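Inspection log for the structure reproduced underneath, given as structure tokens.
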Amino acid sequence: MDRTANGVGAVNNIQVIEKDSWIHDTEVTFSQSDDVNSKAPPSSSANQRTAIGSTNHLEETAVNHSVEDKATPSKMTWNQKVTFLSATLAALADNTSFSIMAPFFPLEAEHRGLSSSTVGFIFSVFSLLAFLFSPLFGKILPLVRARFMFLAGSFLAGGCNILYGLLDEMPTKETFVAFAFILRAFEGIGAAASLTASTAIVAHAFPDNVGTATSIIEMMSGIGFMIGPALGGLLYSAGGFKLPFLLLGGIDLAIVAVNYFIMPEHGTRHDKPGSMRQVLSIPDIWVVMLAVLVGSVSLGFMDPTLSPHLKKLGLTVDQIGLVFLSYGATYGISAVLWGYIADKKKCTRLMIVIGSYGGAVSFLMIGPSPYLKIPEAYHTVVVLSACPLGAVSMAMVIMPTFIDMLNSAEWYGIPNNFALNGIISGLWGSLFSLGSMVGPVFGGYLSGGFGFEKAATVLAGFTIFGMLAMCFFGVWEYRCGKGKRIPSSRATLLAINSTDEEHAPLLGSQEPNGSK
């Protein structure tokens, strides 16, 4: 009886360890083993010690196999392949269609009599609505199902993009402005739904490679934002205002149709929404969200300010375009590298700190800051050298944040399920959209009032602030080197397991009366 009971407990322990993380499963293992031992009828001490010893051996073997399985990457399943294909196609198509209007819409708006500030608000309402709706979509994701949200968001965004091509048919300036705002707002809502769902789906489909998978999606998004303006300008020159929106919007809807047939369902009908309040009660989440905001503000800062600065340095329009192209390409390629390292080494906080420091150095050089007192003859060389450094550094800040937020939530006892993936995806997308909206406004205001050199210096200071916040929080979290703070929920569980573990040998050493 003892051998059978303890053997069943060992098998249960192996299953639990293989499903969850090493630390948490070790705790659950002790608890389940003690429950089984307590229910087994008493036997001889020799048999009991032998059974307990065999159970412990099986536990150690299971832990070793679990660690080996995580260290050895498994082949992708069919569902993983089609999921990854759907997400990458959608990221490329959506972001290409979102960004096509950048080179020619301001010209069309100027012909209609719109001011530059009005045009800026039309562009920024996209990010504003994405910022507001992403957390909501992350909350309701398990209710409406991720596949439906993913397809519906892409369909809404692509449809709005096609309708944008009809704006030149508006009879008056007022109707032009009104429908430009409305369509751009709904496009932002669709983008928020699609991005939130796709990020949660990828995190659910690749639980052991979240950083790598999401970084590749981010790279495809960056490629879309890079080629979108170029395609938009070429199509506008070839066929006027309608052609870019109708063609690329149609391609976006065609990819939605393809994804309808190949994207598998993720999650179950029994999934319940996660607790946004519980996630936001975790201190780690707020610090990492600050890092997301710093990274996205830094990227958005360059959009309206870097081009005029490079023009003052004597670069031509073609050369400026190459600088932006190399900046985006460097960011996308390095993002994949940092995502892979975050998965394998789990050093997300260290990566954020190093990336923040590198970003601050690059912004001081891009100015270059007047405090560096670099001779004017070297300004062009310094600025061009700093651009790729800034791209690599910002990718190093942003890429580890998603996986860090997931790990922090798990550490505080929140189950890693589809509901948590949705909450984290919504928060991450919301903060990134906020930075994308604030960054250009922040950069344009500072550059216009104080000059690009001082504006870049202020941005470097903002990045250093984020780095110091992460460092001081790490000192608090790890209690000045004494070990990571254990949340109260985990502390209670560890205390119970520790007590049971201490009592187990005493119970095992007791021999029944009458035994020889």
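Using the 1.4 Å probe convention, the accessible area of region 234-323 works out to 51 Å² per residue with neighbouring protein chains retained. Using a probe of 1.4 Å on the protein chains alone, the accessible area found for residue 311 is around 140 Å². Here the label points at residue 378 and residue 118, each 7 Å from Cα along the C-beta direction, are separated by 4.8 nm in the simple model. Based on the inverse mean of 1/r over its pairs of different Cα atoms, what is the Kirkwood hydrodynamic radius of region 81-222, in Å? Result for region 81-222, one decimal place: 15.9 Å.
Working from label points 7 Å from Cα in the Cα-to-Cβ sense, the residue 269 to residue 144 distance is 2.0 nm. Between residue 258 and residue 476, the contour length at 0.36 nm per residue exceeds the Cα-Cα span by 73.6 nm.
If you stretched the chain out fully between residue 237 and residue 319, how much longer would it get, using 0.36 nm times the residue separation minus the C-alpha to C-alpha distance?
Residue separation times 0.36 nm, minus the Cα-Cα distance, leaves 27.5 nm.
In this simple spin-label model, placing a label point 7 Å from the Cα along the Cα-to-Cβ direction at both residue 484 and residue 174 gives a separation of 5.9 nm. For the listed residue pairs 311/373; 139/346; 173/311, the alpha carbons are over 24 angstrom apart in 139/346; 173/311. Computed in the context of the full set of protein chains, the accessible area of region 90-186 at 1.4 Å probe radius has 75% of its extent on carbon or sulfur.
The values are calculated or read from the model by the stated rules, or taken from the named source; none is laboratory data. These numbers come from a predicted model, not from an experiment. In this analysis, Cβ positions are derived from the backbone assuming ideal geometry, glycine residues included, and neighbour counts consider all displayed protein chains. Quick note on the areas: whole protein, heavy atoms, side chains included, nothing else; ligands and nucleic acids left out. Shrake-Rupley method; radii C 1.70, N 1.55, O 1.52, S 1.80 Å.
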